[in-house]
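> My structure is below; once you've seen it, I'll send some questions.
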Amino acid sequence: MEYIEHIEIRVFYWFNSFAFVSSFIDRFITFQASYFGWIMLVAFFLFLIIPLFKKYRHLARLHSELFIFALTVSLFARFVIKEIITLFYDRLRPFESILYVKQLILVSGGDSFPSGHAIFFFALAMAIAFYYPRISIFFFIGAFSISVARISAGVHWPLDILAGTILGILISVVFHHFFLLWKKKRQILRHRMS
């Protein structure tokens, strides 16, 4: 356990070493860590409203399903699973635990494990992947970028991000499995009733 902790600290310091190098890099890290998620959400919602255009009306039902599925999965991952884990394991953030952390953004202490940003955005990216695999690549890249920036900004440990990534993807996969089972049962019931 000490060995893993030692490696994690070294990895954290490497990512955090990019902070305070230049004002441009600091602004970029801060933007990625704090604001880029909002751009991803706006992009997602703009993509969802494509069926408003006559040419894409045939996608309306699919996009409605994607909206409900992606939002349910992402919010459940962030506000249920992450909060339950935090109740049992309230990990301190790097700036609370070790010296010489270059903190670029202000956040409250604790609640570090798993990363709420990572679990939310990776669950969202995976949910999109079930409907639009190619488009989801951009969301995976965005989720990765936000997550790495939060280490560089000094507010998360690498294992917080790794756990958030794995949990976000896993929760989305499990939800999708049960969602497909539910759809199949619904089709069987409809077929029997007709």
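Each value in this text was obtained by applying a stated rule to the coordinates, not by laboratory testing. Being a predicted model, the structure only gives us computed values, none of them experimental. Note that each Cβ is placed from the backbone with ideal geometry, even for glycine, and that neighbours are counted across all protein chains shown.
> Would you please state the base-10 log of I(q)/I(0) at q = 0.18 1/Å for the chain, with intensities from the Debye formula using one equal scatterer on every alpha carbon?
Computed log10 I(q)/I(0) values: -1.18.
> Along its three principal axes, how long is the stretch 95-194 when you only count alpha carbons? Whole Å, largest extent first please.
Result for the stretch 95-194: principal-axis Cα extents of 68, 27, 18 Å.
> Within the chain, which complete DSSP H helices have Cα atoms spanning at least 30 Å along the helix axis and a mean Kyte-Doolittle hydropathy of -1.0 or higher?
What comes out of the filter, once short or polar helices are dropped, is 158-193.
> Calculate the tail of P(r) for the stretch 1-56: the fraction of all Cα-Cα distances greater than 16 Å, expressed in %.
65
> Could you tell me which residue out of F24, M1, I188 lies farthest along the dipole of the chain toward its positive end? Charges go on the beta carbon: Lys and Arg +1, Asp and Glu -1, centred on the Cα centre.
Toward the positive end, the furthest listed residue is I188.
> Treating only the Cα positions of the stretch 40-146 as identical point scatterers, give the base-10 log of I(q)/I(0) from the Debye formula at each q in 0.14, 0.18 Å⁻¹.
With one equal scatterer per Cα and no solvent, log10 I(q)/I(0) is -0.66, -0.91.
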